[in-house]
Structures are given as structure tokens and as C-alpha cells.
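What follows is one structure encoded as C-alpha cells, with my remarks underneath.
The values are calculated or read from the model by the stated rules, or taken from the named source; none is laboratory data. In this text, all values refer to a predicted model and were calculated from it rather than measured experimentally. Cβ sites come from the backbone with ideal geometry, for glycine too, and all protein chains shown count toward neighbours.
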Amino acid sequence: MYLAKITIILRKSILDIQGKAVHHALNSLHMNLVEEVRIGKFIEMKINTGDQEEAVRITNEACKKLLANPVMEDFSFTVEKISEGFGI
Amino acid sequence: MSYPKQKFGVVVFPGSNCDHDAYYVLKSIFKQDTRFLWHKDSSLDGVDAVILPGGFSYGDYLRCGAIARFSPIMKEVTAFANDGGIVIGICNGFQVLCEAGLLPGALLRNECLTFICKFVDLRVENSETRFTSECKTGEVLHIPIAHGEGNYFADDDTLERLEKNGQILFRYCSPDGSITKESNPNGSSGNIAGIMNATGNVMGLMPHPERAADPLIGPIDGQKIFQSVIKSITKYEQANNYSIVERS
């Protein structure tokens, strides 16, 4: 069993208005050293395979086909081996 | 005023909420042969045009339209569109069409970060299409919007291509037809409110023409879009008999 941890975030070229609003809020909390905030999604998937390459292939396919929209988002992920029955 | 009867299908996804509005306008205002198409259906039932209605398909989970685009009916809609069939995506339907790759670009969160529900003015950018032939280029239509993610985005090359090919159909404008920053409700690139594909048979727009089509409840500028579509399906020689439907 593998656990994929996927991060999806708006492409750099796109203004992240949500991040900008949160940035303003942090500044109003006097956290003025915060330079930029970008907000994305974090997804975990348990993949029922013993083969790391297969886990990577499936995660990559899931990101490309559904989890991320390449027009506006970039994705990155890691996969790690977990023991059976490990809850997310 | 009677209209030549065409077959329209309105797709119903779980979470669609403008499906009945579209159905009502086509069925009761324009007297078209209209039916609902369930998202699990694997046939379009021989319709001449498909409407993907507004709403919140699959709760807008993941991204607006991202899950609806994998509904069984979308396989048929895609084949139908690729075969030249008329497909109209309104609001959430526009988002589904972008996710499905039937239209370029994507719809981001409104720049103001709020859901906006109000009447806007739209300038018709190209009236030589199957969706706008009853309008004049430069004409201003008064039609409502209701969305949280209507901020149209596409890369510069795509925008240039859309512009060059006349695929931009509607832009948010001021009442006198000027394209200004103030008249852009959601921050969309180039004030874009609606586009069509390169072959001119698939249209997506954020505004709701079906909410501006019954004279009983207000402005009827949205009728022109439905009239254009009915006309384009019907033989062109019958087109001259068309006019705005008045309700007694």
C-alpha cells in the first residue's frame, strides 16, 4: 500500500486572489514579514499496490486527468510506502 | 408567434439548479420539443441541441464542473459536439465545457471573492454566429449573472486566437457598450463573458439568458440567443418570420 500526498496550486502566472486576501489579513495581524500567500489544495490518496512505480504512475494520471486543471493549476506529489490498514 | 419545432435536451446533473429555467423557456416560451437528459443517460435521444444548465453540479467539489465532465452523458455530448452538434453551456455549463476541453480556458474565482447575482450589460462581439445571429455586433444585451467562479482565464496565445477567429461572443460592458474595468464584474480576461469553439457549434457563457427570456418577469434580451439557436437549426429561409415573443 502506498500513500500519495498531492499538492495542487494555482500556476505562478495567475493572480491568487484568495491568497492575497489572506495575506492582507495576516498583515493586519502585524505579521508584516509575510511576503506572499498562495492557497492550494492538499489531497491524500491510498493506493492499493506494492509497486512504487505503479503508485507514481497512478497518482500522475489522477492529477493529469482529474485532480488538477493544467490550464490554471500545477501539481506535485510524493508517494510513500505505508502498512496495510493505515488510515489516512 | 409560432416557432419551428426543434428538439432540445437539457442535461440534469446532480446539483443543477437552472435546468428547469432552461426547460421552461424552451418549452413554454418558444414551444420547442424539449426534454431533460439525465447525467447517467448514455443517449442524447436524437436532440438537435444540448443545453448544459447552470447550477452547482456535484456540489462544485474539487473544481466547478470537474466531476460533471466525467458523467456518462458527457461522452455523448462530446461526440455530439465533435460531430458539429450545437452545445450551449450556461454558467456551470460553461465551466463543465471548459473542464471537458470542449472550450479553451478556465473559470477562476471572482476577483472580488464574492458570489455575484445581478443584471449586467453585455456587448455582442460577433453576430455572425449560430448563437448570436439575431443580435447586431456591438448591440448591448441586459442579462443577469449569478456566479462565484466566472473569472474567465486563458493564456495570451489562446486569447489572441479567440479574438482573431471571432470566437469571443460577449464582453461585459457599460450600458453604452464601452468595455471598461468598472463594468467587469468578476475580473475576467478582456471582460470576456462568453465564447464559442473554433468550429462555431459550442458556446459557453456565464450570464443566464434563460433568466431574461419571459416578458412576464422582466427583460427579454436573452430570447435573442435562443432565437438565434433555433434559427440556426431551422432552415435559414424560414428565419425571416422571427420576432421577439410577446406574451399576452
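Quick look at the values:
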item	result
Residue in the range A:54-63 that is in contact with a Ser or Thr (Cβ under 7 Å, 6 or more places away or on another chain) and either of a type outside the set (Phe, Trp, Tyr) or buried (at least 18 other Cβ atoms within 10 Å of the Cβ) (or both) present	yes
Residue, farthest from the chain's Cα centre (by Cα), within the range A:1-56, restricted to residues that are more than 13 Å from every other protein chain (Cβ to nearest Cβ) and among the small types (Gly, Ala, Ser)	A:Ser28
Unique residue being basic (Lys, Arg) and part of a strand (DSSP E or B) when the list is B:Arg69, B:Arg35, B:Arg63	B:Arg35
Residue check, B:Leu159 touching a Ser or Thr at 6+ places or on another chain (Cβ under 9 Å) and within 14 Å of chain A (Cβ to nearest Cβ)	yes
One residue from B:Asp60, B:Asp45 being more than 22 Å from A:Cys63 (Cα to Cα) and either touching a helix residue (DSSP H, G or I) at 6+ places or on another chain (Cβ under 6 Å) or not aliphatic (A, V, I, L, M) (or both)	B:Asp45
Residues being away from chain A (no Cβ under 14 Å) and under 20 Å from B:Arg130 (Cβ atoms) - total across the range B:77-99	16
Evaluation of B:Lys118 against (1) crowded, with 16+ Cβ neighbours inside 10 Å; (2) under 22 Å from B:Asn17 (Cβ atoms) (one fails), failing number	(1)
Odd one out for B:Gly190, checked against (1) away from chain A (no Cβ under 14 Å); (2) in a loop (DSSP other than H, G, I, E, B); (3) among the small types (Gly, Ala, Ser); (4) surrounded by fewer than 22 Cβ atoms within 10 Å (Cβ to Cβ)	(2)
Pairs, first in contact (Cβ under 8 Å) with a residue 24 or more places away in the chain and surrounded by fewer than 16 Cβ atoms within 10 Å (Cβ to Cβ) in the range A:11-28, second outside any helix (DSSP H, G or I) and not small (Gly, Ala, Ser), C-beta under 7 Å, six or more apart	A:Arg11/A:Met72; A:Arg11/A:Glu73; A:Arg11/A:Asp74
Search result, residues across the range B:139-156 that are within 17 Å of B:His208 (Cα to Cα), within 12 Å of chain A (Cβ to nearest Cβ) and among the small types (Gly, Ala, Ser)	B:Gly148
Residue that is touching a Pro at 6+ places or on another chain (Cβ under 9 Å), outside any helix (DSSP H, G or I) and hydrophobic (A, V, I, L, M, F, W, C), where the choices are B:Ile195, B:Ile220, B:Ile225	B:Ile195
Qualifying residue in the range B:202-220 (condition: within 14 Å of another protein chain (Cβ to nearest Cβ), in contact with an Asp or Glu (Cβ under 6 Å, 6 or more places away or on another chain) and at pLDDT 95 or above)	no
Only listed residue being out of contact with any strand residue (DSSP E or B) (no Cβ under 7 Å at 6 or more places or on another chain) and free of Cβ contacts under 8 Å to residues at least 24 places away in the same chain, chosen from B:Leu113, B:Leu159	B:Leu113
Filter result (among the hydroxyl-bearing types (Ser, Thr, Tyr) and over 20 Å from B:Tyr61 (Cα atoms)) within the range A:18-60	A:Ser28, A:Thr49
Residue match in the range B:115-130 (condition: within 14 Å of chain A (Cβ to nearest Cβ), among the hydroxyl-bearing types (Ser, Thr, Tyr) and out of contact with any helix residue (DSSP H, G or I) (no Cβ under 8 Å at 6 or more places or on another chain))	no
Hits in the range B:75-108 (condition: over 18 Å from B:Phe13 (Cβ atoms) and either touching a Phe, Trp or Tyr at 6+ places or on another chain (Cβ under 7 Å) or crowded, with 22+ Cβ neighbours inside 10 Å (or both))	B:Ile86, B:Gly105, B:Ala106, B:Leu108
